[in-house]
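Throughout, read-outs are computed from the coordinates displayed, never taken from laboratory work. Quantities reported herein were computed from a predicted structural model and do not represent experimental measurements. We place every Cβ from the backbone using ideal geometry, glycine too, and count neighbours over all the protein chains shown.
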Amino acid sequence: MDDYPLLNLFWTMLWFFLWIMWLFLLFKIITDIFRSHDLSGWLKAGWLILVLLVPFLGVLVYVIVRGKSMGERDIQQAKAADESLKAYIRDAAGPGRTGRGSVDELARLAELKDRGTLTDEEFQKAKDKLLA
């Protein structure tokens, strides 16, 4: 390690880090090419060939030409995944399990008790049954 100065070590680490970041960008672009619905099959093949045969230039050109739409597709996919998750949670929780129905029911019971329709004992029994 005596013949490899510290500054060279930092330069090597920097270049390695940049190479890893470029690989992440390359894979991100390849997945974006395949998920893009506005490209025909031939255009997808052309972009893929450009990105794989001339990687640095292909990635640079792709980011310049389609970078904005790439970000929009990311946002659109994230929103769709979020909506899908929310729909699944609503479906799995069901209307009676969300807690909102219990709150509304307790408010209705309290209103009936305040009006004198329910006695304290009836209110307590209904409340215990609701919260059980």
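Suppose we filter Trp11, Trp47, Trp15 for residues that are within 30 Å of Arg73 (Cβ to Cβ) and not charged (D, E, K, R); which single one remains?
Trp47
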How many residues does the stretch 2-30 contain that are within 19 Å of Ser69 (Cβ to Cβ) and surrounded by 11 or more Cβ atoms within 10 Å (Cβ to Cβ)? 5
Just give me the residues in the stretch 35-57 being assigned to a helix (DSSP H, G or I) and either exposed (fewer than 11 other Cβ atoms within 10 Å of the Cβ) or at positive phi (or both), in sequence order. Gly41, Trp42, Leu53, Phe56
